[in-house]
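The values are calculated or read from the model by the stated rules, or taken from the named source; none is laboratory data. Keep in mind that what you see is a predicted model, and the values were worked out from it rather than measured. In this analysis, Cβ positions are derived from the backbone assuming ideal geometry, glycine residues included, and neighbour counts consider all displayed protein chains.
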Amino acid sequence: MEVFFQQLINGITLGSIYGLIAIGYTMVFGIIGMVNFAHGDVFMVSVFIALVTFLLLTSLLGISSIALALFLVLIVAMLFTSLVNWTIERLAYRPLRGSFRLAPLISAIGMSIFLSNFVQVTQGPRNKSIPPMVQGEFVLFTQNDYPVTLSLKQLIIWLVTAILLVCFWYLVTKTRLGRAQRACEQDQKMAALVGVDVDRTISMTFVIAAALAAVAGTMYLMYYGVVSFADGFVPGVKAFTAAVLGGIGSLPGAVIGGILIGLIETMWSAYFSIDYKDVAAFSVLAITLIFLPQGLFGRPDVEKV
Amino acid sequence: MTSGAPAKRVDTARALRDAGLTALLAFGLFLPLVGFETVTDVRNDLILVTRWPLLFAMVAIAGLGRLAYSLAIEPWLQQRAMRPSAEPAPWRRHVASWIIPFALGFVILYPGIVLATAGFGRAVKWIDNFGIQVLIYVMLGWGLNIVVGLAGLLDLGYVAFYAVGAYSYALLAKTFGLSFWILLPLAGILASFWGILLGFPVLRLRGDYLAIVTLAFGEIIRIVLINWVDLTNGYAGITGIPRPTFFGIPFNAEEGGFASVFGLEFSPIYRTIFLYYLILALALLTAFVTVRLRRLPVGRAWEALREDEIACRSLGINTTNTKLTAFAMGAMFAGFAGSFFSARQGFISPDSFTFLESATILSIVVLGGMGSQIGVAIAAVVMIGGTEIMRELDFLKLFFGSTFDPTQYRMLLFGLAMVLIMIWRPRGLIATRDPSVVLKERKAIGKDLVKEGHG
């Protein structure tokens, strides 16, 4: 049981990161019906922005308080990543809106290749690792001489994710922007007729998606302390799996899907084989789409002539 | 302006403001990743190095580019849009009718042209890196074109079948010593089995969902290839794969080798030229089979499926069989290409079958214009040939210093080109479609009338 509880804690932590990225997929898919293939790489870019900011704050400006540094890193990463995603939407997706169905997908794949190679060219191909930012752990209980621990960084990830999700929930359900987003999701033409600025709403969707990906990115950097230019693809596909599992277009579904994928991955690694942990996630994706295409919380897709 | 339309005055103040905003945006975008570089120092710690000159150069390029766009390019585009669109000049139609025979002649004569211009020593590189490489992608593009372009099934895991073909040849040739000519069809058959196997569960899916599931299958096959070390030797890959022979005569320096049988001096170039014509024949076979299939009921059913699946079902077309045959045919050609690839390389590893390959092949099909075989070939030449040529641009070192390595920028420009071509021509380079059945005269279907299905 002790291994199970430890994996439960690890899985929820990993799942929180996936969930934050998954929201980006699900929101963009909900509003413009496009799989934003570059989202995983936007996440990777945000990890790099967080890394640069962290090094800048600690080594050049000499901020010694880790809590303050982490907070600033989070804010800066959210700002700059939002800018990146806003520009991507503006340059690569907006000209293709309402065009041939495959065009935005190919454009997004191109953007994904561009982003990972841009980081490779500007930051070098090697893994970037930093010493652990946050140390310390709490022993929850000990069973059979196996201490089940919750580390401080895991706790931070849980808290930050929870706080951000509450803010995000408020934004989507209670504000004018959230209403506009939900209106565009249901019917863009109608929303435009009643005075919603569709272009601006879609831009803001990308900005929010990027900001949440940047939160995930900062948490990822704090948790693992290592990143390379190629680290966008696999978390991206897993987060997409989470979005599909939860029902694409459904926001709570994305978070729950993320946590489920995190749990499946850690449990699989613990009890079966760590080599095939990606196979587990990909199989979940395939099985969900084949047997439950609308996901856990999604609306069934009605086929119309 | 003589046409009488009032010329829109170039608004310099607006142009300057836009340029300033663009420069500001570029500054924000490039500041974290271009302005700072993370470097590992001697103590193995990660430190930051600033690159202000590069950052400001890029910001200046962005600002000036935007200024040039507002002052020169935009007015020119507007002026062009105002001109009444004329009928395409007759010379264009002449060019179009000559382009296929000309291209065919060129690819058949290509090794000779290279030998004559580059000489014996350097020709291997040009035929191998350039000719064979592009033709492999042309063939893969044409193969995937059956699935994506004709049947309208979006497949992002095509490279899995390429891998099945490559590993089938490598393992069977090494274990049982079978010849290339037996294994080539066998690899195709095995790959098409996999096509049917993976096609079955995804029959109900369409569009982006289908793409993602096929992507997942492609990745699963790659991960299995990495981890099933007993069979595939994992990351290390398989080495010493037997090379194809000239119908039984090996290409080596020994007695009884190709060179000695034909009384020639031994040179690796004969094998390269042979491989070139082999892949050319395979690619042309793919194209020929596709052209013929389009006229058969199954090909018509594919295209009908692409246009409207529900209408297909109402007309009594068995969509299950139609989709599975498309998957199987596409996979078979990938299997052929895969076995050729492993025979040409003599070495394969899972690294050759990443998602990036699938994305490359799909982008070639879409950039070429789905369904258009000439378009696919042009896209393969532009995208693969273009990135291969980046390896040859050593003269750029004269401008950017000796540390400048143009090959680094290959994939960067590849991704950028994908985005730009999509924005420029969202339906691909050749957007019109040739009908396979005509009543009186053959007319191309204009891009406005081309509908995409939901497949």
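Of all residues in region A:231-259, those that are away from every other protein chain (no Cβ under 14 Å) and within 19 Å of A:Met34 (Cβ to Cβ) have Cβ atoms under 6 Å from Cβ atoms of residues that are surrounded by fewer than 24 Cβ atoms within 10 Å (Cβ to Cβ) and modelled with pLDDT of 90 or more, 6 or more apart or on another chain, in A:Gly246/A:Ile256.
Yes or no, residue by residue, for (1) surrounded by 17 or more Cβ atoms within 10 Å (Cβ to Cβ); (2) within 30 Å of B:Pro250 (Cβ to Cβ):
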| site | (1), (2) |
| --- | --- |
| B:Thr322 | yes, no |
| B:Ala326 | yes, no |
| B:Ser339 | yes, yes |
| B:Gly346 | no, yes |
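Taking helices (runs of 4 or more DSSP H) as the structural unit, those lying wholly within region A:168-248 and holding at least 2 residues that are surrounded by fewer than 16 Cβ atoms within 10 Å (Cβ to Cβ) correspond to A:176-186, A:188-193, A:198-224. Annotation for region B:242-251: no member residue is part of a helix (DSSP H, G or I), in the same structural domain as B:Gly121 (by TED's automatic domain parsing) and modelled with pLDDT of 75 or more.
Kindly indicate whether B:Ala326 is touching a residue at least 24 places away in the same chain (Cβ under 8 Å), within 12 Å of B:Gly141 (Cβ to Cβ), more than 14 Å from chain A (Cβ to nearest Cβ) and not in a loop (DSSP other than H, G, I, E, B). When the stated conditions are applied, B:Ala326 does not pass them. Selection of region A:236-274 for residues being among the β-branched types (Val, Ile, Thr) and farther than 11 Å from A:Gly298 by Cβ yields A:Val237, A:Thr241, A:Val255, A:Ile256, A:Ile259, A:Ile261, A:Ile264, A:Thr266, A:Ile274. Checked against (1) within 30 Å of A:Ala242 (Cα to Cα); (2) buried (at least 20 other Cβ atoms within 10 Å of the Cβ), B:Phe251 passes all but a single condition, namely (1).
Whenever a residue of region A:91-110 is facing chain B (nearest Cβ under 7 Å), its partners that are part of a loop (DSSP other than H, G, I, E, B), lying with C-beta atoms within less than 6 angstrom and at least six residues away or across chains, give the pairs A:Leu96/B:Pro426; A:Ser99/B:Pro426; A:Phe100/B:Pro426; A:Phe100/B:Arg427; A:Arg101/B:Glu452; A:Ala103/B:Pro426; A:Ile109/A:Phe37.
Taking the conditions exactly as written (within 14 Å of chain A (Cβ to nearest Cβ), out of contact with any helix residue (DSSP H, G or I) (no Cβ under 7 Å at 6 or more places or on another chain) and part of a helix (DSSP H, G or I)), does B:Leu225 satisfy them or not? Taking the combined requirement at face value, the residue does not satisfy it. B:Phe333 passes every criterion in (1) closer than 26 Å to B:Arg410 by Cα; (2) in contact with a Ser or Thr (Cβ under 9 Å, 6 or more places away or on another chain) apart from (1).
Of the residues making up region B:41-77, those that are within 21 Å of A:Leu61 (Cβ to Cβ) and among the polar types (S, T, N, Q) number 1.
Within region B:262-284, residues that are at pLDDT below 95 sit with their Cβ atoms under 8 Å from residues that are assigned to a loop (DSSP other than H, G, I, E, B) and buried (at least 20 other Cβ atoms within 10 Å of the Cβ), at 6+ positions apart or across chains, in these pairs: B:Pro268/B:Phe251; B:Tyr270/B:Phe251; B:Arg271/B:Phe251; B:Phe274/B:Pro244; B:Phe274/B:Phe251; B:Leu275/B:Pro244; B:Leu278/B:Pro244.
Here are some residues: B:Leu48, B:Leu67, B:Leu31. Which one is more than 9 Å from chain A (Cβ to nearest Cβ) and either within 22 Å of A:Pro131 (Cβ to Cβ) or among the aliphatic types (A, V, I, L, M) (or both)?
Values: B:Leu48 fails: more than 9 Å from chain A (Cβ to nearest Cβ); B:Leu31 fails: more than 9 Å from chain A (Cβ to nearest Cβ).
Result: B:Leu67 is the single residue among B:Leu48, B:Leu67, B:Leu31 that is more than 9 Å from chain A (Cβ to nearest Cβ) and either within 22 Å of A:Pro131 (Cβ to Cβ) or among the aliphatic types (A, V, I, L, M) (or both).
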